[in-house]
Amino acid sequence: MTGMKTSRRALLKTASGVSFAAALGAPIPFVRFLAPGLTPVALAQAINASALNKDGLTVLNDRPINMETPPHLLDDNITPATRLFVRNNGLPPAEEAVSVEDWRLVIDGEVETPLDLTIADLKARFETVTFQLQLECGGNGRKFFKLGASGNQWTFGAVGCPQWTGVRLNDVLNAAGVKPSAIYTAHYGADTHLSGDPEKRPLSRGVPVAKAMDPHNLIAWAINDEPMPALNGHPLRLIIPGWPGSCSQKWLTRISLLDQVHDGAKMTGKSYRVPAYPVAPGTSVPDEDMEIIHSMPVKSLITHPQTGVKVRPGDAFEVRGHAWAGDLDVAAVDVSIDFGATWLPADLAPPANKFAWQHWRIGVTLPEAGYFEVWARARDSQGRSQPATTPGWNPKGYLNNMQHRVAVFAVL
Ligand SMILES: Nc1nc2c(c(=O)[nH]1)N[C@H]1C(S)=C(S)[C@@H](COP(=O)(O)O)O[C@H]1N2
Ligand SMILES: [Mo]
């Protein structure tokens with residue numbers, strides 16, 4: 001029987017249960033069956049703003065926690081930590097278990113000298129650098145694919161460009177001495193698998209050594225000059241800009257260099273891979289025909305005005321946002337107010353540094369009263385542009401770089 005006494009005791013046993021009950025204003029009689037990490041659905045929206053210190057993000061899933069940012073909240077040139085999306089494949093390490101002083105990063109595998117470093121060692125031995133680096137989930141835009149894939153139904157906001165501080169990944173790898181046999185990295189973090197099975201990892205991805213040696217990759221401990229939020233990888237994470245966010249391991253504990261392509265969790269099968277050739281939606285593609293995603297495609301966001309806004313016909317208003325292009329730069333951003341019939345060139349700023357997203361703006365006037373849409377289309381330095389609707393279908397719904405559209409009502 002579940003008497004009041006038992007349930008009270010069970011409640012006290014579960015620290016999160018206590019705060020959930022307090023937040024709900026009601027006891028949770030079956031709290032002992034509430035799996036760790038599972039948020040009461042009644043709190044799923046409330047919890048992001050308050051307990052998780054994320055400002056206005058949309059919760060897509062609470063176990064694991066996944067949250068995206070509405071485009072108009074990404075208007076800042078440098079994304080605030082409170083507005084950076086969260087994509088977790090497993091359960092983050094418990095905050096009490098994270099000690100900045102005791103955190104270790106191991107570099108091993110195909111290296112001359114394996115390293116075992118504290119964060120203080122990283123700071124003492126290597127140059128500290130700060131870059132604005134864009135981070136986008138490979139599945140951003142998944143929701144819009146026809147014959148959609150399961151997984152988080154990201155719309156536009158699984159992207160951000162904060163300022164990160166840390167040491168260069170290549171400095172650390174060079175200190176370990178990369179052997180000629182090393183061709184791929186393997187990244188490991190301290191988060192745990194949803195099943196609770198300690199043998200299983202939620203995510204362990206890697207990149208070719210050539211990409212790993214790019215001097216913009218960071219082993220980072222700070223975001224916008226503050227420690228990173230727990231959900232974004234505190235106390236240490238990788239940032240591998242321009243490639244799917246999944247390469248940027250959070251709660252980083254180990255980087256191994258391998259003499260073969262890494263086969264860790266979410267490296268194989270259909271994970272972060274797309275068909276090597278175009279396929280019709282719904283096609284069943286053999287695993288051997290799937291290729292690992294490298295650079296993310298060119299994309300842009302309209303961060304102002306917010307969709308649904310009202311303006312006066314004949315009055316100019318500013319449209320602005322950001323654009324990015326994976327490993328490339330953005331060469332141009334065009335804007336349309338007539339469903340793509342004609343396009344106007346926006347003013348486009350150069351990136352603050354390589355791999356920072358680029359800001360664009362344009363003054364727009366709507367000719368008469370009625371419903372309009374503002375569309376934005378970026379073009380990369382190799383001439384590739386964004387499609388009006390979803391690009392090539394793939395089984396897991398990656399790489400959707402379709403144009404962002406906002407609704408604008410012109411009212412007298
Ligand atoms: N350890 C670990 N690192 C991880 C993940 C994860 O689940 N565990 N998710 C990855 C994915 S899929 C993305 S898109 C980015 C998201 O980073 P953010 O949550 O800081 O926005 O982190 C990556 N690093
Ligand atoms: Mo991701």
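The values are calculated or read from the model by the stated rules, or taken from the named source; none is laboratory data. Because the structure is predicted, anything quoted here is derived from the model rather than measured. Virtual Cβ from ideal backbone geometry, glycine too; neighbours counted across all protein chains shown.
Assuming Glu96 fulfils every condition listed in (1) part of a loop (DSSP other than H, G, I, E, B); (2) surrounded by fewer than 17 Cβ atoms within 10 Å (Cβ to Cβ); (3) modelled with pLDDT under 90 apart from one, which condition is it?
Here Glu96 meets the rest and fails (1).
Would you mind finding the one in Ala94, Ala124 that is farther than 28 Å from Thr192 by Cβ, more than 16 Å from ligand 2 (Cβ to nearest atom) and small (Gly, Ala, Ser)?
From the options Ala94, Ala124, the qualifying one is Ala124.
Out of (1) part of a helix (DSSP H, G or I); (2) more than 16 Å from ligand 1 (Cβ to nearest atom); (3) among the polar types (S, T, N, Q), what's the single condition that is false for Thr342?
Of the numbered conditions (1) part of a helix (DSSP H, G or I); (2) more than 16 Å from ligand 1 (Cβ to nearest atom); (3) among the polar types (S, T, N, Q), the odd one out for Thr342 is (1).
Look at Ala186 and say whether it is at pLDDT 95 or above, buried (at least 17 other Cβ atoms within 10 Å of the Cβ), farther than 21 Å from Val159 by Cα and within 12 Å of ligand 1 (Cβ to nearest atom).
Answer is no for this residue.
Scanning for something outside any strand (DSSP E or B), away from ligand 1 (no atom under 14 Å from the Cβ) and of a type in the set (A, V, I, L, M, F, W, C), does the stretch 76-89 turn up at least one residue?
Yes, that holds for at least one residue.
Hey, which of the strands (runs of 3 or more DSSP E) in the stretch 345-412, taking only ones fully inside, have at least 3 residues that are under 30 Å from Phe131 (Cβ atoms)?
In the stretch 345-412, the matching strands (runs of 3 or more DSSP E) lie at 358-364, 370-380.
Quick check on the stretch 114-130. Is at least one of its residues small (Gly, Ala, Ser), surrounded by 15 or more Cβ atoms within 10 Å (Cβ to Cβ) and more than 30 Å from Trp324 (Cα to Cα)?
No, the conditions are met nowhere in the stretch 114-130.
Starting from the stretch 154-174, keep only residues that are under 22 Å from Thr79 (Cα atoms) and touching a residue at least 60 places away in the same chain (Cβ under 8 Å), then list their pairs with residues that are part of a helix (DSSP H, G or I) and among the charged types (D, E, K, R) whose Cβ atoms are within a distance under 6 Å, requiring at least 6 positions of separation or different chains.
Going by the 6 Å Cβ cut-off, the qualifying pairs are Trp154/Arg142; Thr155/Lys143.
For residues that are surrounded by 20 or more Cβ atoms within 10 Å (Cβ to Cβ) and among the aliphatic types (A, V, I, L, M), scanning just the stretch 313-327, find the one that is farthest from Gly383 (Cα to Cα).
Selected residue: Val319.
Would you call Arg201 surrounded by fewer than 19 Cβ atoms within 10 Å (Cβ to Cβ) and within 9 Å of ligand 1 (Cβ to nearest atom)?
In short, yes.
Table: residues versus (1) closer than 18 Å to Leu301 by Cβ; (2) outside the structural domain of Ala220 (by TED's automatic domain parsing); (3) out of contact with any Cys (no Cβ under 6 Å at 6 or more places or on another chain); (4) within 14 Å of ligand 1 (Cβ to nearest atom).
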| position | (1), (2), (3), (4) |
| --- | --- |
| Glu112 | no, no, yes, no |
| Asp116 | no, no, yes, no |
| Phe144 | yes, no, yes, no |
| Gly151 | no, no, yes, yes |
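Between residues in the stretch 136-147 that are without any contact (Cβ under 8 Å) to a residue 12 or more places away in the chain and residues that are near ligand 2 (Cβ under 10 Å from one of its atoms) and not basic (Lys, Arg), which pairs lie under 7 Å by C-beta distance while being six or more apart or on different chains?
none
Is there a residue in the stretch 256-271 that is within 16 Å of ligand 2 (Cβ to nearest atom), hydroxyl-bearing (Ser, Thr, Tyr) and under 15 Å from the mean Cα position of the chain (by Cα)?
No, the stretch 256-271 contains no residue that is within 16 Å of ligand 2 (Cβ to nearest atom), hydroxyl-bearing (Ser, Thr, Tyr) and under 15 Å from the mean Cα position of the chain (by Cα).
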